Amino acid sequence: MGTIADLFGDQLRATVAADHGADGAAGELVPASSGGSKADLVEEAAMEAVLEESGLEPGSARADLTLRGDLDLDDLGLCAVVARFERAANARCPDAEIEQWRTLGDLLSAARALGGDSGQ
């Protein structure tokens, strides 16, 4: 039996990344640029997975959206998202940390940190 990422048909073609202060309002999400650090790639994989699992339109993505309320991610959906970015990072995120996430911003920050970027 493969990993959860294998079971969910993992595809790591990211289309969106979080904006960290360049253009627009704080927390607004913008299209990803080509090339980047491992942290960028992991964050992009997380964002792509969130968009696919939640059905959220990229233009509507904001860091303050709640995972369970606004994005309607249940345990299985969140597991699929986490599996995607863990695979991109080639690392694991502790369950205790995942349980603390409340917003899309929390999830994307954790993905970036897992990819090797500890500060913002």
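The values are calculated or read from the model by the stated rules, or taken from the named source; none is laboratory data. Small disclaimer: the values here were computed from a predicted structure and weren't measured.
Some points to look at:
- Within the option set Leu108, Leu76, being among the aliphatic types (A, V, I, L, M) and either part of a loop (DSSP other than H, G, I, E, B) or over 23 Å from Ser37 (Cα atoms) (or both) holds for one residue only, Leu76.
- Boolean, Arg92 is over 12 Å from the mean Cα position of the chain (by Cα) and within 17 Å of Glu44 (Cα to Cα): yes
- Test: residue in segment 20-40 that is among the hydroxyl-bearing types (Ser, Thr, Tyr) and at pLDDT 95 or above: no
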